[in-house]
Amino acid sequence: MMVWKTLTRWYHQLGSPRYFYRFSEVLLPWLWPIALLTTAVGLVWGLAFAPEDYQQGNSYRIIFIHVPAAGGALLGYVAMGVAGLVNLVWRMKMAEVMIKAIAPFGAVLAAIALITGAIWGKPTWGTYWVWDARLTSMLIMLFLYLGVMALINAIPDPRQAGRAAGLLSVVGVINVVIVKYSVEWWQSLHQGSTIKLTGGSTMPAEMLTPLLISMLGIYLLFAVSVLWRARAELLWRERKSAWVKELV
Amino acid sequence: MSFTATMQRELLLAWRRPAEIINPLFFFVMVVALFPLGVSPRPELLATLAPGVVWVAALLAVLLSVDGLFRADHDSGALEQLLTAPQSLYVPVLAKLAAHWMLTGLPLVVMAPLLGYMLHLPEQAIGVLFIAVLLGTPTLVAIGAIGAALTVSLRSGGILLSLLVLPLYVPVLVFGAGVVSYAAKGLPVSGVLALLGAMMLASFTLAPAAVAAGLRISSGN
């Protein structure tokens with residue numbers, strides 16, 4: 001019960017723009033060096049020191065960028081959906097700010113996942129692009145991110161824009177699950193799975209450890225970016241309130 | 001009560017301006033007619049393209065028609081009246097979606113088999129095309145209405161609406177076109193048709209709530 005009470009209090013406090021601003025001010029100076037360091041360790045370890053793949057040689061190393069980017073894009077989209085739901089139910093200002101802060105970095109990660117996938121696909125599959133189920137669902141996820149950003153940009157009133165983007169993200173999260181299954185079904189209809197990622201879950205620890213570290217690093221960078229963007233957005237939105245006038 | 005009233009109003013309004021029913025249908029036929037001209041009139045090639053072409057054209061026709069779903073009501077202020085009324089928005093929105101599908105979706109359903117025939121689709125697939133479009137277009141209307149509700153107060157709604165809604169249309173397109181290709185190859189189709197029906201029921205029960213929320217957001221309540 002104590003834990004629950006602490007959690008709800010924390011949740012309500014973070015919902016207040018002023019508290020969030022102070023909290024992130026304390027957190028960020030610690031978070032961004034850790035995020036940068038973790039990413040650097042993961043990437044250098046993966047790109048330079050991890051063993052070669054017995055089948056793909058060195059070209060497999062792009063997964064140390066590709067997999068964290070794809071995972072981050074997916075996580076960001078779910079986070080946007082959760083923020084959208086919170087905003088629909090409680091009309092929390094911070095949730096709107098969060099959606100606006102998450103969308104750009106998530107879209108960039110989805111684009112990075114697609115581009116690195118294409119670069120890896122050329123030597124491995126012999127082509128930059130195939131209409132594979134995973135590639136297609138990632139492409140649609142990028143479109144969904146762009147849709148949310150376009151909607152935020154199109155609506156002049158920031159609160160209305162945030163709520164509209166929240167509703168769209170909630171619908172999108174439900175839809176993205178159906179998209180995933182439909183695309184897998186569609187792909188198996190047209191061609192057998194001639195292309196498979198070698199390795200997969202049978203990855204040895206020397207490769208898995210740097211991969212997990214770089215995933216953690218990218219997620220932390222995502223968090224840093226979201227906090228930074230949210231702070232800038234907060235200052236702009238609350239520019240007429242007393243606490244911002246006191247600050248600047 | 002509010003369901004039949006809204007339905008009657010929608011049908012009466014459409015009856016007085018029949019061009020709005022006819023235009024999406026013309027659009028549908030014209031887009032499909034462009035493909036043989038642009039690709040090739042060879043029957044075997046057209047037959048393989050047919051499911052996708054008919055579905056993409058139907059999807060775009062629904063998308064274009066759905067853009068105006070709330071615009072007239074928004075401009076005239078009728079939407080504000082609906083929003084301030086002391087009752088749930090769910091039922092009137094459901095009636096509006098149903099009426100809109102009857103007016104713009106149903107003509108596409110009737111026209112689809114003919115277009116399939118013109119694209120040399122094998123005969124056993126034409127009936128399936130009819131059922132697939134019948135089950136799929138309500139889903140398209142319901143999902144498109146969410147986007148229309150969110151963009152109704154914006155001046156340049158049209159192109160934004162397609163950016164928002166087209167990615168959400170992917171499952172319907174995949175299953176709808178897929179089931180027709182299945183039928184053309186003589187494979188069993190009932191499972192996929194059941195999926196299309198499930199998506200229709202799910203979207204028609206859930207979407208009105210999302211549309212109502214979207215309309216409230218757009219009107220600033």
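Quick look at the values:
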{"quantity": "Residue in the range A:27-49 that is modelled with pLDDT under 80, part of a loop (DSSP other than H, G, I, E, B) and at negative phi present", "calculated": "no"}
{"quantity": "Selected residue (only one of A:VAL89, A:VAL78 is of a type outside the set (D, E, K, R), more than 14 Å from chain B (Cβ to nearest Cβ) and within 30 Å of A:SER16 (Cβ to Cβ))", "calculated": "A:VAL78"}
{"quantity": "Single match in B:VAL128, B:VAL93 (criterion: more than 12 Å from the chain's Cα centre (by Cα) and either open to solvent by less than 10 Å² (accessible area, probe 1.4 Å) or closer than 19 Å to B:GLY214 by Cα (or both))", "calculated": "B:VAL93"}
{"quantity": "Among (1) of a type outside the set (Ser, Thr, Tyr); (2) in contact with a Lys or Arg (Cβ under 7 Å, 6 or more places away or on another chain); (3) more than 12 Å from chain B (Cβ to nearest Cβ); (4) open to solvent by 10 Å² or more (accessible area, probe 1.4 Å), the one test that A:ALA101 misses", "calculated": "(4)"}
{"quantity": "Residue satisfying condition, being surrounded by fewer than 21 Cβ atoms within 10 Å (Cβ to Cβ), small (Gly, Ala, Ser) and over 19 Å from B:THR104 (Cβ atoms), within set B:GLY178, B:GLY158, B:GLY197, B:GLY214", "calculated": "B:GLY197"}
{"quantity": "Qualifying positions in the range B:148-166 - among the small types (Gly, Ala, Ser) and under 16 Å from B:ASP73 (Cβ atoms)", "calculated": "B:ALA148, B:ALA149, B:SER153, B:GLY157"}
{"quantity": "Output for the range B:20-44, where each listed residue is among the hydrophobic types (A, V, I, L, M, F, W, C), at pLDDT below 90 and either in contact with a His (Cβ under 9 Å, 6 or more places away or on another chain) or open to solvent by 60 Å² or more (accessible area, probe 1.4 Å) (or both)", "calculated": "B:ILE22, B:VAL39"}
{"quantity": "Residues of the range A:1-26 satisfying the condition of being surrounded by 12 or more Cβ atoms within 10 Å (Cβ to Cβ) and not in a helix (DSSP H, G or I)", "calculated": "A:GLY15, A:SER16"}
{"quantity": "Matching option when the condition is assigned to a helix (DSSP H, G or I) and more than 25 Å from B:ALA57 (Cβ to Cβ), among B:ALA209, B:ALA148", "calculated": "B:ALA209"}
{"quantity": "Residue among B:ALA50, B:ALA61 that is surrounded by 24 or more Cβ atoms within 10 Å (Cβ to Cβ), touching a Phe, Trp or Tyr at 6+ places or on another chain (Cβ under 8 Å) and not acidic (Asp, Glu)", "calculated": "B:ALA61"}
{"quantity": "Residue identified as surrounded by fewer than 24 Cβ atoms within 10 Å (Cβ to Cβ), within 14 Å of chain A (Cβ to nearest Cβ), part of a helix (DSSP H, G or I) and in contact with a helix residue (DSSP H, G or I) (Cβ under 8 Å, 6 or more places away or on another chain) among B:LEU140, B:LEU164, B:LEU173, B:LEU103", "calculated": "B:LEU173"}
{"quantity": "Conditions (1) within 18 Å of B:VAL31 (Cβ to Cβ); (2) in contact with a helix residue (DSSP H, G or I) (Cβ under 8 Å, 6 or more places away or on another chain): number failed by B:ILE159", "calculated": "(2)"}
{"quantity": "B:LEU195 vs. criteria under 24 Å from A:TYR145 (Cβ atoms) and within 11 Å of chain A (Cβ to nearest Cβ)", "calculated": "no"}
{"quantity": "From A:GLY84, A:GLY72, A:GLY76, A:GLY57, residue being on the phi > 0 side of the Ramachandran plot and either over 17 Å from the mean Cα position of the chain (by Cα) or open to solvent by less than 70 Å² (accessible area, probe 1.4 Å) (or both)", "calculated": "A:GLY57"}
{"quantity": "Search result, residues across the range A:151-188 that are surrounded by fewer than 22 Cβ atoms within 10 Å (Cβ to Cβ) and hydroxyl-bearing (Ser, Thr, Tyr)", "calculated": "A:TYR181, A:SER188"}
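Residue by residue, here is whether (1) at pLDDT below 90; (2) within 20 Å of B:ARG155 (Cβ to Cβ); (3) more than 8 Å from chain B (Cβ to nearest Cβ) holds:
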residue: A:THR127; (1), (2), (3): yes, no, yes
residue: A:ALA133; (1), (2), (3): yes, no, yes
residue: A:THR136; (1), (2), (3): yes, no, yes
residue: A:TYR145; (1), (2), (3): no, no, yes
residue: A:ALA150; (1), (2), (3): no, yes, no
residue: A:LYS180; (1), (2), (3): yes, no, yes
residue: A:GLN187; (1), (2), (3): yes, no, yes
residue: A:HIS190; (1), (2), (3): yes, no, yes
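The values are calculated or read from the model by the stated rules, or taken from the named source; none is laboratory data. Just so it is clear, the model here is predicted, and its values are computed rather than measured. Using ideal geometry, Cβ is built from the backbone for each residue, glycine included, and neighbour counts are taken over all protein chains shown. Accessible surface areas use protein heavy atoms only, side chains included; no ligands, DNA or RNA. Shrake-Rupley method; radii C 1.70, N 1.55, O 1.52, S 1.80 Å.
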